[in-house]
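Enquirer: Take this structure first; my questions come after.
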Amino acid sequence: MQCVRKVTEDLYWVGGNDRRLELFENIHPISRGVSYNSYLLLDEKTVLFDTVDWSVGRQFFENIEYVLNGRSLDYLVINHMEPDHGAAIEEILLRYPEVVVISTEKAYMIMNQFNFPVNDNAITVKEGDTMCFGKHTVTFVAAPMVHWPEAMVTFDITNGVLFAADAFGSFGSLDGKLFNDEVNFDRDWIDDARRYYTNIVGKYGPQVQRLLKKASTIDIKIICPLHGPVWRNDLGYFLDKYDKWSRYEPEEKGVIIAYASMYGNTENAANVLATRLVEKGIKNVVVYDVSKTHVSQLISETFRLSHLVLASVTYNLGIFPVMHNFLMDMKALNLQKRTVAVIENGSWAPQAGSKITDLLDEMKEMTVLNEHVSVLSSLNETTSDEMDVLVDSIIESMRD
Ligand code: FEO
């Protein structure tokens, strides 16, 4: 049976939810599933904005047929053709052979690479082009590298709806609640939204900033992303998050302590540090075992907070592999502007600390505190005193 939602008087959400997929992009765990959003406009012409992942194709086609109610499909706008949205393009063309596809030159090129064949009836658009479908006129806005090179967003000038591609999306399936004002976003969604942004789009902060600049010049009333809730009020809340994330500014003053421990002694050092910070009044402290926490969560938390403590055991005369992986991900995602402290552990040749510092030096605007703790197997009186110095140094750096 169809499962659709009305977005405006003539615009329908016709997407689907996947709660079975374990790993988004076969890498990021999605315990709450994910939605693949697609929107169908019924104007003098009928216009579908993007398709969906193949996993929800059956629901998607039933939805389209129901909303079209016997009408033909005139246009398919492809804002973003990554397979989680482009996989159903071919089936759309088979079912609606008269449909005219609207997309960018680069999108057609990559669609061909993926074997998403587009019929000859395709229109190539670029930044600033407009199209009128009857009552609604839309304009196309290039969004290169947000987060693929072909991406664009489409703005409906008539009613202020922005079809935002992957921008403003989130992990999490829609439990019947399509709109941001039907959920408690700040309680139930923001962590997944942050994890989605930071891991999927996080590398491309400057490109997101460019898109936000363009967005500030148009009167957006509704944001229709390709994943997660549709935004129809309080847009400033989410725009502000995007602004912070894409400038790599932390949302909050606070400390994430990420530790890699083999026998519990580096873990003990992390716990001691957390306890002393809290005792001295720094309450916004979270501790994660890097071996047991998915790196996408660590990345998300590192984007959220201002301070990061990396505590790693030495392994094969280097950084413990899971900690190394975390650092590599931080670098790949362009994380910057954080204050970082380092704790190392090693039973005969502790070296993790200097190697962590070397990697941090390769990132932008990372402030590495001079004070650090070098544990020999387990904390003792000397290293406990060093820990006190580190605690004071972290607190001092939070005063800025
Ligand atoms: Fe949701 Fe970039 O695809």
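The values are calculated or read from the model by the stated rules, or taken from the named source; none is laboratory data. All values derive from a computational prediction rather than experimental measurement. Cβ atoms come from the backbone with ideal geometry, glycine included; neighbour counts cover every protein chain shown. Just so you know, the surface numbers come from the protein's heavy atoms only, side chains and all, with ligands and any DNA or RNA stripped out. Shrake-Rupley method; radii C 1.70, N 1.55, O 1.52, S 1.80 Å.
Enquirer: So, in region 146-203, exactly how many residues are of a type in the set (Phe, Trp, Tyr), within 14 Å of the ligand (Cβ to nearest atom) and buried (at least 20 other Cβ atoms within 10 Å of the Cβ)?
Expert: Count: 5.
Enquirer: Would you tally the residues in region 293-305 being open to solvent by 10 Å² or more (accessible area, probe 1.4 Å) and outside any helix (DSSP H, G or I)?
Expert: Within region 293-305, residues that are open to solvent by 10 Å² or more (accessible area, probe 1.4 Å) and outside any helix (DSSP H, G or I) number 2.
Enquirer: So, of the residues in region 57-86 that are under 20 Å from Asn121 (Cα atoms) and open to solvent by 10 Å² or more (accessible area, probe 1.4 Å), which turns out to be nearest to the ligand (Cβ to nearest atom)?
Expert: Tyr75
Enquirer: One residue is enough: does region 133-145 have a residue meeting the conditions away from the ligand (no atom under 14 Å from the Cβ), assigned to a helix (DSSP H, G or I), of a type in the set (D, E, K, R) and out of contact with any His (no Cβ under 6 Å at 6 or more places or on another chain)?
Expert: no
Enquirer: Going through Ile89, Ile78, Ile64 one at a time, which residue ends up being of a type outside the set (Lys, Arg), touching a Ser or Thr at 6+ places or on another chain (Cβ under 6 Å) and more than 18 Å from Ala143 (Cα to Cα)?
Expert: That would be Ile89, the only listed residue that is of a type outside the set (Lys, Arg), touching a Ser or Thr at 6+ places or on another chain (Cβ under 6 Å) and more than 18 Å from Ala143 (Cα to Cα).
Enquirer: Please go through region 90-111 and pick out each residue that is assigned to a helix (DSSP H, G or I) and more than 19 Å from Asn69 (Cβ to Cβ).
Expert: Hits for region 90-111 are Glu90, Glu91, Leu93, Leu94, Glu105, Lys106, Ala107, Tyr108, Met109, Ile110, Met111.
Enquirer: Within region 287-299, identify whether any single residue is in contact (Cβ under 8 Å) with a residue 24 or more places away in the chain and touching a His at 6+ places or on another chain (Cβ under 6 Å), and answer yes or no.
Expert: Within region 287-299 (the criterion being in contact (Cβ under 8 Å) with a residue 24 or more places away in the chain and touching a His at 6+ places or on another chain (Cβ under 6 Å)), the answer is yes, since at least one residue qualifies.
Enquirer: Name every residue in region 320-336 that is open to solvent by less than 20 Å² (accessible area, probe 1.4 Å) and over 20 Å from the mean Cα position of the chain (by Cα), in order of residue number.
Expert: Met323
Enquirer: Here's a follow-up. With respect to Val208, determine if the residue is in contact with a helix residue (DSSP H, G or I) (Cβ under 8 Å, 6 or more places away or on another chain), outside the structural domain of Arg276 (by TED's automatic domain parsing), under 23 Å from Glu127 (Cβ atoms) and open to solvent by less than 30 Å² (accessible area, probe 1.4 Å).
Expert: yes
Enquirer: Moving on to the next point. Any chance you could count how many residues in region 221-237 are open to solvent by less than 30 Å² (accessible area, probe 1.4 Å), under 15 Å from Thr8 (Cβ atoms) and either away from the ligand (no atom under 16 Å from the Cβ) or not aliphatic (A, V, I, L, M) (or both)?
Expert: The number of residues fulfilling the criteria is 3.
Enquirer: For region 23-54, which positions are polar (S, T, N, Q) and either within 21 Å of the chain's Cα centre (by Cα) or not assigned by TED's automatic domain parsing to the domain that holds Ile92 (or both)?
Expert: Asn26, Ser31, Ser35, Asn37, Ser38, Thr51
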